[in-house]
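Notes follow the structure.
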Number of protein chains: 4
Amino acid sequence: MKKFTFAPEKDIDVIAVGRIAIDLNPNEIHRTLDKVNTFTKYVGGSPANIAVGLARLGKKVGFIGKVSDDAFGKYVTDYFMEKGIDVSHVTPSSGGEVLGLTFTEISSPTESQILMYREGVADLALAPADISEDYIKRAKFLLISGTALAASPSREACFLAMTYAKKHDTKIIFDIDYRNYTWKSKSEIAVYYSLAGQRSDILMGSREEFELMEMLDKGNDIPDYCLADNYLFHGNQIVIIKHGKKGSLAYSSDRKAYKVGSFSVKLLKSFGGGDAYASAFLYGILEGWQMPTSLEFATASAARVVSSHSCSDAMSTAEEIISFIADSNEKGTVIEEIPWNQSIEGGRSCR
Amino acid sequence: MKKFTFAPEKDIDVIAVGRIAIDLNPNEIHRTLDKVNTFTKYVGGSPANIAVGLARLGKKVGFIGKVSDDAFGKYVTDYFMEKGIDVSHVTPSSGGEVLGLTFTEISSPTESQILMYREGVADLALAPADISEDYIKRAKFLLISGTALAASPSREACFLAMTYAKKHDTKIIFDIDYRNYTWKSKSEIAVYYSLAGQRSDILMGSREEFELMEMLDKGNDIPDYCLADNYLFHGNQIVIIKHGKKGSLAYSSDRKAYKVGSFSVKLLKSFGGGDAYASAFLYGILEGWQMPTSLEFATASAARVVSSHSCSDAMSTAEEIISFIADSNEKGTVIEEIPWNQSIEGGRSCR
Amino acid sequence: MKKFTFAPEKDIDVIAVGRIAIDLNPNEIHRTLDKVNTFTKYVGGSPANIAVGLARLGKKVGFIGKVSDDAFGKYVTDYFMEKGIDVSHVTPSSGGEVLGLTFTEISSPTESQILMYREGVADLALAPADISEDYIKRAKFLLISGTALAASPSREACFLAMTYAKKHDTKIIFDIDYRNYTWKSKSEIAVYYSLAGQRSDILMGSREEFELMEMLDKGNDIPDYCLADNYLFHGNQIVIIKHGKKGSLAYSSDRKAYKVGSFSVKLLKSFGGGDAYASAFLYGILEGWQMPTSLEFATASAARVVSSHSCSDAMSTAEEIISFIADSNEKGTVIEEIPWNQSIEGGRSCR
Amino acid sequence: MKKFTFAPEKDIDVIAVGRIAIDLNPNEIHRTLDKVNTFTKYVGGSPANIAVGLARLGKKVGFIGKVSDDAFGKYVTDYFMEKGIDVSHVTPSSGGEVLGLTFTEISSPTESQILMYREGVADLALAPADISEDYIKRAKFLLISGTALAASPSREACFLAMTYAKKHDTKIIFDIDYRNYTWKSKSEIAVYYSLAGQRSDILMGSREEFELMEMLDKGNDIPDYCLADNYLFHGNQIVIIKHGKKGSLAYSSDRKAYKVGSFSVKLLKSFGGGDAYASAFLYGILEGWQMPTSLEFATASAARVVSSHSCSDAMSTAEEIISFIADSNEKGTVIEEIPWNQSIEGGRSCR
């Protein structure tokens, strides 16, 4: 695949936009949430986790986001600063909004109920006035998380950020990151996801998220490669479709397709892997690595997170990931190039 | 300019989407609205007027819209049926919404204050579920009015309609039709106007509307042709920028520019001309006429409406417009081909 | 009945609170609303009509209300001034609210569909900050209309006005005036009507409105006098329960009950009588007349309004009402004193 | 003071109405909230705490409330059942509402910042339809917490509950419990607090809360006894005005006034005492104790809670409180009868 290249004056690797939240993870595991007595707080939210992951990997990271004007807002901003993330565009909201919360249980390694507090959250109060054209111009990549499209004015802020990105050759990564909150209807989801997906350069999401974006019924027969084709046609360079435990598929604009497996680890929890994956994959792309190398690196990073207690706090350094891969018996076997039309789900041909 | 061509199975000329409202025009003229005693009711709303105009010109017209479930909703639906407009996709709203109202005064031929009732209106309750892919597939043109983008779920319904139009080669006319109601911020306006403008095939609006769409400050120096260039670049075939009494400018994708003047008539009122213009212009395009012919026809139709009491009810037949032009001393002088970069407003060069 | 007496410094007879709206009455009668072509505009809204009625009868009247900051707001304020109503506490709203509208049809003398525009209306934007304690202190009577309790902040403004009235011995008239708009549930209606009804000195409404207030099912067996008793027990001096064409019942705290019939007139329309009735009855009370005299006067005033085209504009002078009664064959027969427990609806005994 | 007496068929001592929430108390103390790492969850919310306190004291307690339909809603309901509180009228909300959260810090024994999550909470979704007349009829006391008046439909549910209470001789305790959330304006607060305060039999709140209820400016000169007089006049039997560390004042309808001090304990935290106080005071009243005995008992219960980590979980049994008093050097000195007009704040005479 052709490498992404950038003007030399771009001094920020990635600016992430959207949600900074708080995860409250259970200290007592193997029990359901109602029985958990004590919780530990961590920085959470998909784009925040990805930003932390990239910073941990040594990249120059910025963030555009709204946080609560309270002790929790201070906590997350301090945490970002400590990790070396530029917080010049992380601002306190003025309307009394709060940080989103995610209470999690770890009832078993593979099951995990979550309870989200998403009413009146600061992240969705991000407004077009918070989007600086000059700031976005400085970045190589702009990461948009789909949850930020769930309501106004955050939705308009994201589309404005994408307009500036297009104008200044900042590449757009759209991570669909669907959360069943705030959205008013399935059609609304489909309309805004597809508007964003048609504007991005790298698009990633689960099979279910692609189906939402395309308004496909459950049990439809559309093969994965057809979903990918549509967004490559609209200008994406890379499309990644995840299938949970069955692995994921990655398609690039040079018509190569890869099946991505996973490293065997002792699972502690079933969440957090996606954000580690995204940050490590993007690290590879920024380093100019080929797709298989980037994908293996991403997969290894994900494996490390799902075996630890937090998401943000458990992000790995490049050295840690590299030695994890080196130590693994599965090195070199996790990524496999496949024929374009060999899908995980769906039939044989596009509609 | 290359003619628009369509698959033979397309049996509807134009489907308009959006607002059907009621105009309450003053029976006492030359006085301000507070002093008007009696009002006459007419069907109103820009896309409704354009639909009526096209039907009056003999075209096959459909409409996708929500009306109130009351006597006024019945009135407008009956009126459409009487004019031969297909109302199979004009449905009553279920949430107690009302038809929008526009009270007008005719205090002088050139001045006219209006008072709009736009809270809880049925037209903005149009939802994605109301949009039929099969119906849009049947149409040559889909007319989207910018007012329909002012709020959810009408906004999403329009974007969904545009998605279906793109998929089935139905050409999109985007008439910006800005109304200072319902919108929450200037950034919101700009974001959704530009998303729609980048998807349309024919784009029309006033200079002020283009400035809103581009977030340009009052008194900016951007020439008209630069505004047009941007949207032609995104795939529009025709861009029309109106400058009120100074005339308007029409740009086509074959790099021809026209200055459009007006026929001298005894003005009764200052509103309604735009919708007559749009419907007659679109008639010309559907007939396969060249730009100058279509523009002259449009201008003549507008002239006839501003000298009568209503908008919808005063739409002309093709014969009436043709003989109006024939009778005019200005025949053949109203449209002038001009150099591409000869603008009405702005400086000499694009930023 | 004991007369109401007041401190000599009270220089305003009645201050009405609440809705000023616009009636758009049909110029073409004997047809349904969808077929009406032209409308004549009048000042409307129950408390506005009562205020106009009292002013027409020569009383000193004030008003506390919010109107739109537009041509219609100017119209109604000008109209009030012209009628001699003090408009020092009628203020334009600042949030873009509009005047409520009532389109009416006169399809037959006894039937009349109406179409109300009540979304985003100025009258419900009346806020506690608009309520002046000093102003209320000056009034003998404060008239509260139940529609003003339908939403915040108008609801709180009314309760605050009642608090001031209680404090300064301004008597409260609560006219239930139920409109099926804005209210969120039947329980909400009952809660606030009863809170207001327990605070008033004169309470008037239809049988249906009393049932709403008491959360009684349709077809209940509660006699009228039990409904009256409850509110007399809470301190009302007069309770009036209307039964449409069957007449109405008036109860006073000195345990007298009257059945009120009606004068025979040629009906033009079925609405407007109630407001004429209320203003004329209150006039009688202010004049110190006995109940039967006041009730006969009220009934005559109502008869005159239902035989004319408008509500506000058709209010009578005292002379007109007196000569109407004098000319009538029914003089002295319309009001009848009845035993306390002789009801129009319900069984024999209270629950 | 005259004892409250009740019909023998009343089989529930107290039904509390309103908020059940979750407290998340810090495991690390002596640090601000942003620095707290882990939290322990407890049942919280003032009426919930009072209910738990009364149950712990052996009283028969019911609750009318809405909880979230999720793991946290299950947790609080289970906890209530475990404590012997009747949960037959504690129902899950159907609109996706969440339980309110209160994150606390214990930065010093006297200072404590809290961070509340009150958007979209289940407790404010309590609706009139949830209020059972038969259930309230069974109770001796109905406890209404002022926070439940902050928004609809909970507000109307409370007024309806009070209507039923009045009808069936269930005495009303109104605990003002002001929280700076959800309310839209100061006038709104004053209007609904005073409507409730005029209906209650026992009224308790802080001086600041009484000032809010009476719309008094900060620094006003109104003595405490005037505030009490107003609500005794409206029918309250007992009025308690709290002054934080300066103690509180209790007034009874037999014109006796008491100054209430506090027991010296080693403070752990500055919150939770009020609910312990209310439940223990009410216990005394239910036992038929005199005011001074009830007040001393209440004060002792409060002292025990502020020296422990939680609110609900730290409620005492009667034996514990009695032996706490017995062991204290301050026994018998904490409550002092004072002249009626000896206030803690304000001047000498009422306005």
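The values are calculated or read from the model by the stated rules, or taken from the named source; none is laboratory data. A quick note: this is a predicted structure, and the numbers were derived from the prediction, not measured. Cβ atoms come from the backbone with ideal geometry, glycine included; neighbour counts cover every protein chain shown. To get the accessible areas, we keep the full protein, side chains included, count just its heavy atoms, and leave off ligands, DNA and RNA. Shrake-Rupley method; radii C 1.70, N 1.55, O 1.52, S 1.80 Å.
Annotations for the structure displayed:
- Scanning the stretch C:73-90 for residues that are hydroxyl-bearing (Ser, Thr, Tyr) and closer than 16 Å to residue C:45 by Cβ gives C:75, C:77, C:79.
- Residue within the stretch B:285-308 that is assigned to a loop (DSSP other than H, G, I, E, B), within 25 Å of residue B:26 (Cβ to Cβ) and open to solvent by 20 Å² or more (accessible area, probe 1.4 Å) present: yes
- Only one of B:131, B:144 that is within 14 Å of chain A (Cβ to nearest Cβ), surrounded by fewer than 24 Cβ atoms within 10 Å (Cβ to Cβ) and β-branched (Val, Ile, Thr): B:131
- The condition of being open to solvent by 20 Å² or more (accessible area, probe 1.4 Å), farther than 23 Å from residue C:266 by Cα and more than 22 Å from the chain's Cα centre (by Cα) does not hold for residue C:82.
- A count restricted to the stretch C:135-193 and to residues that are polar (S, T, N, Q) and at pLDDT 95 or above stands at 4.
- So residue C:312, is it more than 30 Å from residue C:254 (Cα to Cα), in contact (Cβ under 8 Å) with a residue 60 or more places away in the chain and among the small types (Gly, Ala, Ser): yes
- Selection count where residues are free of Cβ contacts under 8 Å to residues at least 60 places away in the same chain and either farther than 30 Å from residue A:80 by Cα or touching a Leu at 6+ places or on another chain (Cβ under 7 Å) (or both), scope the stretch D:19-50: 1
- Pair list, Cβ < 6 Å and 6+ apart or interchain, from the stretch B:180-206 residues that are within 11 Å of another protein chain (Cβ to nearest Cβ) to residues that are surrounded by 22 or more Cβ atoms within 10 Å (Cβ to Cβ) and among the acidic types (Asp, Glu): B:187/A:156; B:188/A:156; B:191/A:156
- Within the stretch B:113-129, the set of residues being assigned to a helix (DSSP H, G or I) and out of contact with any strand residue (DSSP E or B) (no Cβ under 7 Å at 6 or more places or on another chain) comprises B:124, B:128, B:129.
- When residues in the stretch D:105-126 are screened for being within 14 Å of chain C (Cβ to nearest Cβ) and either of a type in the set (S, T, N, Q) or touching a Leu at 6+ places or on another chain (Cβ under 9 Å) (or both), 0 of them pass.
- Test: residue in the stretch D:163-170 that is within 14 Å of chain C (Cβ to nearest Cβ), surrounded by 19 or more Cβ atoms within 10 Å (Cβ to Cβ) and under 30 Å from residue C:130 (Cβ atoms): yes
- Among the residues here, residue B:267 qualifies as among the aliphatic types (A, V, I, L, M), more than 25 Å from residue B:190 (Cβ to Cβ) and surrounded by fewer than 17 Cβ atoms within 10 Å (Cβ to Cβ).
- Among the residues of the stretch B:322-331, just one is touching a Phe, Trp or Tyr at 6+ places or on another chain (Cβ under 6 Å) and modelled with pLDDT of 90 or more, namely B:328.
- Restricting the stretch B:97-124 to residues that are hydrophobic (A, V, I, L, M, F, W, C) and over 20 Å from the mean Cα position of the chain (by Cα), the residue that is surrounded by the most Cβ atoms within 10 Å (Cβ to Cβ): B:98
- Checklist (1) in contact (Cβ under 8 Å) with a residue 12 or more places away in the chain; (2) surrounded by fewer than 24 Cβ atoms within 10 Å (Cβ to Cβ) applied to residue A:233, failing item: (1)
- Total residues in the stretch C:309-323, condition farther than 23 Å from residue C:243 by Cβ and surrounded by 14 or more Cβ atoms within 10 Å (Cβ to Cβ): 9
- Test for residue C:38: is it at pLDDT below 95 and facing another protein chain (nearest Cβ under 9 Å): no
- Taken over the stretch A:9-34, residues that are more than 23 Å from residue A:97 (Cα to Cα) and basic (Lys, Arg) amount to 2.
- Output for the stretch C:26-55, where each listed residue is open to solvent by less than 10 Å² (accessible area, probe 1.4 Å), more than 30 Å from residue C:159 (Cα to Cα) and in contact with a helix residue (DSSP H, G or I) (Cβ under 7 Å, 6 or more places away or on another chain): C:33
- Residues located in the stretch D:188-215, provided they are over 14 Å from residue D:147 (Cβ atoms), charged (D, E, K, R) and open to solvent by 10 Å² or more (accessible area, probe 1.4 Å): D:199, D:201, D:208, D:211, D:214
- Considering each residue of the stretch B:322-339 in turn, at least one proves to be within 27 Å of residue B:230 (Cβ to Cβ), in contact with an Asp or Glu (Cβ under 9 Å, 6 or more places away or on another chain) and not in a loop (DSSP other than H, G, I, E, B).
- Residue within the stretch B:93-112 that is assigned to a strand (DSSP E or B), under 29 Å from residue B:283 (Cβ atoms) and modelled with pLDDT under 95 present: yes
- Among the residues listed as C:23, C:13, C:70, the single one being within 14 Å of another protein chain (Cβ to nearest Cβ), open to solvent by 10 Å² or more (accessible area, probe 1.4 Å) and within 21 Å of residue C:315 (Cβ to Cβ): C:23
- Test result for residue D:100, over 19 Å from residue D:272 (Cβ atoms) and either in contact (Cβ under 8 Å) with a residue 12 or more places away in the chain or within 14 Å of chain C (Cβ to nearest Cβ) (or both): no
- Only one of the numbered conditions (1) surrounded by fewer than 19 Cβ atoms within 10 Å (Cβ to Cβ); (2) in contact with a Cys (Cβ under 7 Å, 6 or more places away or on another chain) is violated by residue B:338, and that is (2).
- Cross-chain or 6+ apart pairs with Cβ under 8 Å, the stretch B:152-174 first and at positive phi, then of a type in the set (Phe, Trp, Tyr): B:169/B:6
- Test: residue in the stretch C:229-239 that is among the aliphatic types (A, V, I, L, M), over 30 Å from residue C:325 (Cα atoms) and at pLDDT 95 or above: yes
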